[in-house]
Amino acid sequence: METPTRYQGPVLGLFRIVLGLLFACHGAATLFDVLGGPHGQPPSTGQWPGWWAAVIQLVGGALVLLGLGTRPAAILCSGSMAYAYFVHHQPDGLFPLENGGEQAALFCWAFLLIAALGPGRWSATELLTLSTHRRQAMRTRKEVSDTRSV
């Protein structure tokens, strides 16, 4: 049974929102020792790679959540998770179940999907685009009415 295309935009939008929220929460937990993590000392400002990874998670996750600069943010998030997988998890075993890298692998592929498909519905970019189109339509109507009154 095929999913009707009318659901694809909203479901993709919900997927993007949840994915961005989870990723941003992970970054906030690591940076600010909130939401139950990082289970130890937060990384020092500028420390490689922990602090930078957490900043990417917080900022990139928030951008994806909002749907603002979604594709570049999703590429950056996906790349950071690929780095985490291959540098930190892969040496401990070939498969994600062996090396504890399931979360990194899933985030990597999920963000790659968002980068490829775009933000879906309910994104800040969509709202800004709609607002711009409405302003242009109002200007066009005003120009038409002004030329008729002359």
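Computed from the coordinates by the stated procedures, all read-outs in this text should not be read as laboratory data. Only a predicted model underlies this, so the values are computations on that prediction, with no experimental measurement involved. FYI the Cβ positions are ideal-geometry reconstructions off the backbone, even for glycines, and counts take in every protein chain you see.
Key figures for this structure:
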item: Degrees, to the nearest 10: 124-149 long Cα axis against longest axis of the chain; result: 10
item: For Asp92, Asp33, order by how many other beta-carbon atoms lie within 10 Å, fewest first; result: Asp92, Asp33
item: Extreme residue, positive dipole direction of the chain, given options Gly20, Cys77, Leu66 (C-beta unit charges); result: Leu66
item: Folded to 0 to 90 degrees: helix 102-117 orientation relative to the chain principal axis, Cα; result: 20
item: Separation between Cα centres of region 121-135 and region 64-91, rounded to whole Å; result: 26
item: Rounded tilt (10° steps) of 70-83 against the dominant C-alpha axis of the chain; result: 10
item: Packing-based exposure ordering (other Cβ within 10 Å, fewest first) of Met81, Met138; result: Met138, Met81
item: For Cys25, Cys108, Cys77, order by how many other beta-carbon atoms lie within 10 Å, fewest first; result: Cys25, Cys108, Cys77
